[in-house]
Amino acid sequence: VPPYTIVYFPTRGRCEALRMLLADQDQSWKEEVVTKESWLQGPLKASCLYGQLPKFQDGDLTLYQSNAILRHLGRSFGLYGTDEREAALVDMVNDGLEDLRRRSARAGDKAQYVQELPAHLKPFETLLSQNQGGQAFIVGDQISFADYNLLDLLLNHQVLVPGCLDPFPLLSAYVARLSARPKLKAFLASPEHVNRPIFGSRKI
Amino acid sequence: MPPYTIVYFPVQGRCEAMRMLLADQDQSWKEEVVAMQSWLQGPLKASCLYGQLPKFQDGDLTLYQSNAILRHLGRTLGLYGKDQREAALVDMVNDGVEDLRCKYVSLIYTNYEAGKEDYVKALPQHLKPFETLLSQNKGGQAFIVGDQISFADYNLLDLLRIHQVLAPSCLDSFPLLSAYVARLNSRPKLKAFLTSPDHVNRPINGNGKQ
């Protein structure tokens, strides 16, 4: 029986990065899918610490907040940099990704969002250029939870804003390389992933 | 010579929590104050990873993102829970604090006059999770997670203090949070910092609203 359970809506949203991490790390997990109707009508929402999903279970540990879950898995699987310095850089990257996630959720005007997108992707191209010419990972030379989060964001943006990575050769190569990791590739090709919408009810 | 430098605007903003942490942990640090004019005109902004402050230096390590800085200090000063389980809970708390801080910042900078009344009315539901967490941990007599202070406590304390300025009675219906704030405020080194001119004379936000 897998110790991990993801309780979430039937979307990728704030859970696909952690699904990719678990799949790539050869972990199995249980999905408890929450429909919008049962969420609005049932007792689950009131029982959630911040009244939001995802809710995550690791054995008897219950967690909320998608980035806390990513950090917990990072800590558990050694996906948090090789030392304290790298851990701080991994955090700095993940927080930048979270800013981008919030920005895309808030985006009212898609045209404006698309126009501003290159400026928000550039820091990640810069980080790759400063780390083994982009041939390794976003921080250091081992994969971290921030890589899965970054990959998810980039894959989503390639769908929502086709061609957005064209000005960023290192990010383009990074996406191709990570997507080809065998277990991750299998997950990304799986019906579960392919048939799960990126958003529930989002605009962009 | 202190290894720590905070590069930021002359405000509390997203740096007061880390200042409180450093002061309470008996650390010294250097402040490099950035005036808004020089920020808008100078080369510093373009040199910052995300084009934003704070920028933080720990020796030769340069960091951006206020929560990454808090986590770095938490990790290096033993303020991140006593084990992996507590570390996860500390993260969960800090992320909740960050969510409310984002709402606060949005109110202050984009919608203060029109939005304040609704914000204050909705505030109890956003503070309640933290009261709940305290009630589940030694009746609120310890810290937000476990029985040692973490970076999340400093961040939460700062969040509660700035909300007491915005809405002075906002903690009246939260006895554990009220007691928690009073208790942490009176920790000797923290109290000395909070009564210092540096803190007292530093505006909370950059636009004069609070």
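The values are calculated or read from the model by the stated rules, or taken from the named source; none is laboratory data. Predicted model, so just to flag it, every value in this text is computed and none were measured. Every residue, glycine among them, receives a Cβ derived from its backbone with ideal geometry; neighbour counts consider all protein chains shown. Just the protein is used for accessible areas: all its heavy atoms, side chains included, with ligands, DNA and RNA removed. Shrake-Rupley method; radii C 1.70, N 1.55, O 1.52, S 1.80 Å.
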Check: What percent do you get for the relative contact order of chain A when only Cα pairs under 8 Å and 6+ apart count?
Finding: 27 percent
Check: Tell me, what is the FRET efficiency for A:ILE198 and A:ASP99 to the nearest 0.05, using R0 = 25 angstrom and their Cβ-Cβ distance as r?
Finding: 0.85
Next item on the list: Sticking with the crude label model, points 7 Å out along Cα→Cβ, report the distance from A:GLN52 to A:GLN158 in nm, one decimal please.
Entry: 2.8 nm
Note to self: I'd like the carbon and sulfur percentage of the solvent accessible area for the range A:1-105, probe radius 1.4 Å, heavy atoms only, ligands and nucleic acids excluded.
What the structure shows: 50 percent
Notebook entry, point to check: How well do other chains shield peptide A:83-89, expressed as the mean number of their Cβ atoms within 10 Å of each residue Cβ?
Noted result: 5
Check: Chains B and A: buried accessible surface, both sides, probe 1.4 Å, rounded to 100 Å²?
Finding: 2700 Å²
Note to self: For chain B, give me the percentage of DSSP beta bridges that are antiparallel, rounded to the nearest 5 percent.
What the structure shows: 60 percent
Check: Which percent of the accessible area of chain B is formed by carbon and sulfur heavy atoms (probe 1.4 angstrom)?
Finding: 53 percent
Check: With every protein chain left in place, what is the accessible area per residue of the protein assembly as shown in square angstrom, probe 1.4 Å?
Finding: 44 Å²
Check: Angle between the Cα long axis of helix A:84-106 and the longest principal axis of chain A, 0 to 90 degrees, nearest 10?
Finding: 70 degrees
Note to self: What does the C-alpha gyration tensor say about the overall shape of the range B:1-139? Classify as rounded when a/c is under 1.5, otherwise prolate if a/b is larger than b/c, or oblate.
What the structure shows: oblate
Next item on the list: Quick one: of B:LYS82/B:LYS138; B:LYS55/B:LYS116; A:LYS36/B:LYS103, which pairs are farther than 20 Å apart, Cα to Cα?
Entry: B:LYS55/B:LYS116; A:LYS36/B:LYS103
Next item on the list: Mind ranking A:ARG196, B:ARG187 by accessible surface for me, highest first, 1.4 Å probe?
Entry: B:ARG187, A:ARG196
Notebook entry, point to check: Between the DSSP loop rule and a limit of at most 16 other Cβ atoms within 10 Å, which trypsin sites (Lys or Arg not before Pro) in the range B:124-210 are left?
Noted result: B:LYS209
Next item on the list: Note every residue of the range B:104-143 with a reduction of at least 30 square angstrom in accessible area, all protein chains present versus the isolated chain, computed with a 1.4 Å probe, or write none.
Entry: B:PRO129
Check: At what distance in nm do the modelled label points of B:SER47 and A:GLU116 sit from each other, each positioned 7 Å from its Cα along Cα→Cβ?
Finding: 2.6 nm
Next item on the list: Could you work out, residue by residue across A:57-70, how many beta carbons of other chains sit within 10 Å of that residue's beta carbon, and then give the average as an integer?
Entry: 4
Checklist line | Residues in the range B:45-89 occluded by at least 50 Å² - accessible area, probe radius 1.4 Å, against chain by itself | finding: B:LEU49, B:TYR50, B:LEU61, B:GLN65, B:ARG75, B:GLN84, B:ARG85, B:ALA88
Checklist line | Gyration tensor (alpha-carbon) shape descriptor, the range A:51-108, a/c threshold 1.5 | finding: oblate
Margin query: Quick check: the distance between the Cα centres of the range B:150-210 and the range A:39-107, to the nearest angstrom?
Written below: 26 Å
Next item on the list: Mind pulling the angle between the C-alpha long axis of helix A:169-179 and the longest principal axis of chain A? Nearest 10 degrees, somewhere in 0 to 90.
Entry: 40 degrees
Notebook entry, point to check: So what's the angle, to the nearest 10 degrees on a 0 to 90 scale, between helix A:110-129 and the longest Cα principal axis of chain A?
Noted result: 70 degrees
Notebook entry, point to check: Restricting the count to DSSP beta bridges whose residues both fall in the protein assembly as shown, what percent are antiparallel, rounded to a multiple of 5?
Noted result: 65 percent
Notebook entry, point to check: Hey, how many Å between the Cα centroid of the range B:15-69 and the Cα centroid of the range B:74-101?
Noted result: 20 Å
Checklist line | Extension gain, A:ARG177 back to A:GLN142 (0.36 nm per residue minus Cα-Cα distance, nm) | finding: 11.2 nm
